[in-house]
Amino acid sequence: MERTQRGMKRRIESGKFNGGRPLFGYRYNYAIGKHELDETESKVVKMIYDWYTEDKFNIRQIQAKLFELKIPTKYDALKNTEKNRKMKGLKKFPLGWWSEVTIRNVLANEVYTGRWYCCKNQTIKLDVANLRTGKPKVRQIKRAKEEWFPIEIPRIVSDEQHKKGLLQARKNLMFAKRCTKQTYLLQGLIRCGKDHLKYCGHQEKSGVIYYYCKSRMNNNPVENCHSPYLRADQIEPMVWNTVQSILKNPEDVFNTFRDESILNEERAKSIEGRLDYISGAIKKLEVAKKRITEAFKAEVMTLPELRKEKTDIELSEEKLISERDALMMKLNVQHDVSAKIDLFKETCYKFFE
């Protein structure tokens, strides 16, 4: 397995692809070992992004539009031969039928912005034997982003449009109607102070609308927190009046954001210090792994001792990597304050217009 991984690593370092079907929108040029744009498919990718971000289509509307235009998928391009019928994964749906998952993956995939990475995960052996084979169990953990190997690939959509798509997906998730028969003003916006679940809306036969915590639903596995019901005719005017007063005096909010940005700078420095420490600790663990390997080669250490030491080091490394990834996410959030101010200004101006 290690030799295979080393061979794959060398192939990636030389700028070549490790195999598999090219993503929709691309084709692989075997002569030069590079990905190229498929002109027809790349236009479809741009159309999907435009429908989602500009025309505000949802996934099912995009699915219906693609089927209406009979736009073929990647699998539709495969010839219907006897050999291809036996291929695993060859779909059996009619021409132009796109699954919702495929469309969602196109909209979420960072590859279309020209950034593609390999070797994102690494495999570590655990000090626990597989009951069937007797060999040590393995687990995959995420590598640091600095250890990922970039693959050169042409860009199809801009970073801005890709971010718009991700933001639109979050909005759709928050305000999805699903099986809702009625739209509520504060739908998906109220959270319970006890268990942090979202409040749902419900209209009584009398016509009175209430908001209640999701834990009160019969099919919810979470224990009922007994949070109070909120009458819509009481809470909605309160919220709306507060929103109006904020939008009429946006400078107060801007000052709050600026104060938050000062605090964020202090938090960012603290996080960066911790990240430096974690980076140093990971390097020390790498050195420790090399040392125990050398000790085993010098017959100072037995094979069971080597496995135990190596597993302990890899588990410690996994914890540090998890902590580092969480801190990196926090650090990215800290840098979003200026973007929040710009977005809030834009919202205020649109409201007054």
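Any residue in the range 237-256 that is in a helix (DSSP H, G or I), of a type in the set (S, T, N, Q) and modelled with pLDDT under 75?
Yes, the range 237-256 contains at least one residue that is in a helix (DSSP H, G or I), of a type in the set (S, T, N, Q) and modelled with pLDDT under 75.
Scan the range 196-217 for residues that are closer than 13 Å to Tyr184 by Cβ and among the hydrophobic types (A, V, I, L, M, F, W, C) and jot them down.
Result: Cys200, Val208, Ile209.
I'd like the residue in the range 149-184 that is modelled with pLDDT of 80 or more and loosely packed, with under 12 Cβ neighbours inside 10 Å and, out of all such residues, is farthest from Pro22 (Cα to Cα). Please lay out each step first, then the result.
As a first pass, look at the range 149-184 and keep what is modelled with pLDDT of 80 or more: 153-170, 184.
Imposing the further condition that a residue be loosely packed, with under 12 Cβ neighbours inside 10 Å reduces the set to 160, 170.
Details: Glu160: 24, Arg170: 28 Å.
The extreme case among them is Arg170.
Within the range 202-213, does at least one residue satisfy the condition of being closer than 30 Å to His35 by Cα and either surrounded by 13 or more Cβ atoms within 10 Å (Cβ to Cβ) or at pLDDT 85 or above (or both)?
Within the range 202-213 (the criterion being closer than 30 Å to His35 by Cα and either surrounded by 13 or more Cβ atoms within 10 Å (Cβ to Cβ) or at pLDDT 85 or above (or both)), the answer is no, since none of the residues qualifies.
The values are calculated or read from the model by the stated rules, or taken from the named source; none is laboratory data. Just so it is clear, the structure is predicted and the values come from calculations on it, not from any experiment. Glycine also receives a Cβ, built like all others from the backbone with ideal geometry; neighbour counts cover every protein chain displayed.
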